[in-house]
1. Apply the Karplus parameterisation 6.51 cos²θ - 1.76 cosθ + 1.60, with θ equal to phi minus 60°, to every residue of the stretch 623-637 and state each ³J(HN,Hα) to the nearest whole Hz, in sequence, with x for glycine and proline.
2. Give the order of Phe410, Phe312 when sorted by the count of other beta carbons within 10 angstrom, beginning with the fewest.
3. Quick one: order Thr394, Thr73 by neighbouring beta-carbon count within 10 Å, fewest to most.
4. Over 10 Å intervals from 0, what percent of Cα-Cα pairs in the stretch 555-675 sits in each interval?
5. May I ask you to work out the translational diffusion coefficient for the stretch 357-501 at 25 °C, viscosity 0.890 mPa s, via Stokes-Einstein with Rh from the Kirkwood sum over Cα pairs, reported in whole µm²/s?
6. Calculate, in nm to one decimal, what Arg50 and Ala594 gain on full extension: separation in residues at 0.36 nm each, minus their alpha carbon distance.
7. Let a ≥ b ≥ c be the square roots of the eigenvalues of the Cα gyration tensor of the stretch 214-320; is it rounded (a/c under 1.5), or, if not, prolate (a/b larger than b/c) or oblate?
8. Relative contact order, percent, of the stretch 158-277 when contacts are C-alpha pairs under 8 Å separated by at least 6 residues?
Amino acid sequence: MSDAVSKRRKVQQTNVQQALLVETSCSKSSIARILNTLHDSGVLVEGALRDPRIRSIRGDLTRSAAAVGQAMTPFGPLINTMTLPTRPAMRWDYISPMALIYKLSQLSTGFCALMLGVIGALRPNEPLRIVLFCDECRPGNVLRPDKGRATQHLLWTFANFPEWLLVRDQGWFTFGVVRSAAIASLPGGISNVMKRVVHCFDDFAATGGAISSNGHVIFKAKVWGFLGDTKGLKEIFGSKGHSGFRICLRCKNVCRFLDEQIAEHSYLVGLRCPQRHRFDVCSDAEVYEMVDELERVAVARPAGLKEMQQTFGLNYEPEGILFDRTLRGVVRPASGWYHDWMHVTSVSGCANVELEQVLHTLSRCGIRFETISMYFAEFVLPKSHGKVNPDWFTTKRIGRGQDKDGWKGFAAEILTVVPIMNIFLQDVVRPLRVIDERVIECFALLDRILKLCMLGPGKAAQHIDLLEATIDQHAELFAAVHGAVIKPKFHFLFHVVDHARDLGRLLSCFVTERRHRMVKAPSAYIYNQFERTLIASQLSSIVGRFATAIFEPTYLENPSEVTGDIAAAFRTVALTGPVLSSTVAHLLCGCVRAGDLVMTVDRSVHEASHFIQVVLGGLPTVWVCLKTRSHLGGRRYSVEHVNAYFEEADNVIAPLMWGRDGDSISIVLPPASALW
Ligand SMILES: [Zn+2]
């Protein structure tokens, strides 16, 4: 065999091995056994495997995964190592941020073009804004009493990305993974880890990163803040959280446990205070003054430290992120944390609590859960949202009267249940005049808050004043009608607005939670060198996906080429390239499938029939074939369509939920309706 052929075959073997590692969730041993069986049965071409023995194939797979991490860039290798002072000390592999961005820009012309656009929109000397995310995910049995394989998953992104990318998997980059059990022996825990992580971004702000595009395009990026849930943010900053008197680092005067003691018009306010103007905003410098004071007291008067920590709501943790003086000006403890709206509203959050209270109120008035289930059963969801669950209004999901955890359901379920329940309250319950009108009004405001948050990271931030006014109005009413069940998230909902103003984006954790799957699947079969093996697997997965990922706001899933009349019709207008067709499209408003009802910008309602992609003026453009339903007044539309036509897919604003309503249908208004 000539050298050239041999070299080409070796590259092919490596590519196939890497693809197998990326595309399957099998262990290397399983892949090796499958390939060995295929080889023995004679279905593989000659030379497909360097050595067909299981042990050798497994070794080749390990080497091809490691080869990705060892690849060099002008910013060093893709995988770097630091030492964590755990007991015993641990060598921790992480994906170098600057090397990763450079490598991905080499791999994907789509990503490179996107980065050029993002960098080009910056003002002179303006850095890209980096958001870090850290959350624990639990592969395997979540009910295990010990931490088991519970793993901290660290991700990051540029907040400057277009909003469609911020809600997709490719928009978030892995930094590293580390077992919670390993961090348990680290002084300062996750706060200590995050301190080291932030330092890994120092060069991004100082000397800058680069992308590879006809040479190097240099840009700077700065750590802007941390996204997370209550527990994650508390651990990062080492704050007392719910166990302290002061639960919120952003407010100086909001206290917990003191509701009875606080006089009505005093400076201090309780957790239940529904008036934003009464919160005394704390600056970053003031939090650092408290940190300095804790350091002084720890040396001069250690006996007073415990009380001071309670008062400040901060733990004295010399190894924590706030006690690293070199990070002042980078880490902003009061303004640079972003409590995400999904966790605040929909994970044992404000919406869960309110939904449960409303269900109890309805039940007390004689409206049975079965009746509500029957009403919901008439509704049809967009195909990618699943189906109405008959369990939603059973005792599996609903606790007792004063249970503060709220209705039990996933965040995605909350986003489906709340809008339909709002219609039930408006259309069915209100005319009966059996419950307090304020309960219905309060729920309508909750529905509006969720709709505004669902507009997308960029659009929601554009309408932040309206979101603020709606949250404030809702808080007053909620405190009046459901005051007994207020939880800390009631207070944190106020700050969702502040986060969006600081960042210019309203981020949620839907996408980052989805990314946990990439950790959970491989970690089920990794036994040795957990962090090292898992990060190598993550990296080959990311690199493999970027090589084929589509960096377009709209694209078709599994398209096939069409010919015949449709293609001919499109060819009459100026277009080049093939005409592609699919029954599934990813649009600016999310995933839409054939058969879904959609609303377009002119607020008309249609059934999506199929999707076409053509290249128009050099740019791929997605069109959707729509069958229009006639408007019968209010939210009612006809069952039959009146005409069919092609519409540019960007004009579709949302897939719709709808319900059967006699001989017509009734739609649930989309998130954009919160602006009408
Ligand atoms: Zn606060």
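Read the figures in this text as sums done on the coordinates, not as results from a lab. Quick caveat: nothing in here was measured; it's all calculated off a predicted structure. All Cβ positions, glycine included, derive from the backbone under ideal geometry; neighbour counts span all protein chains shown.
1. For the stretch 623-637, the Karplus curve yields 10, 10, 7, 10, 10, 6, 9, 7, 7, 9, x, x, 9, 9, 9 Hz.
2. Values: Phe410 11, Phe312 21.
Fewest to most other Cβ atoms nearby, the residues stand as Phe410, Phe312.
3. Thr394, Thr73
4. Percent of pairs per bin, in order: 13, 43, 30, 12, 1.
5. 150
6. 191.3 nm
7. Working: a/c = 2.47, a/b = 1.45, b/c = 1.70.
Here the stretch 214-320 falls in the oblate category.
8. Relative contact order comes out at 12 percent.
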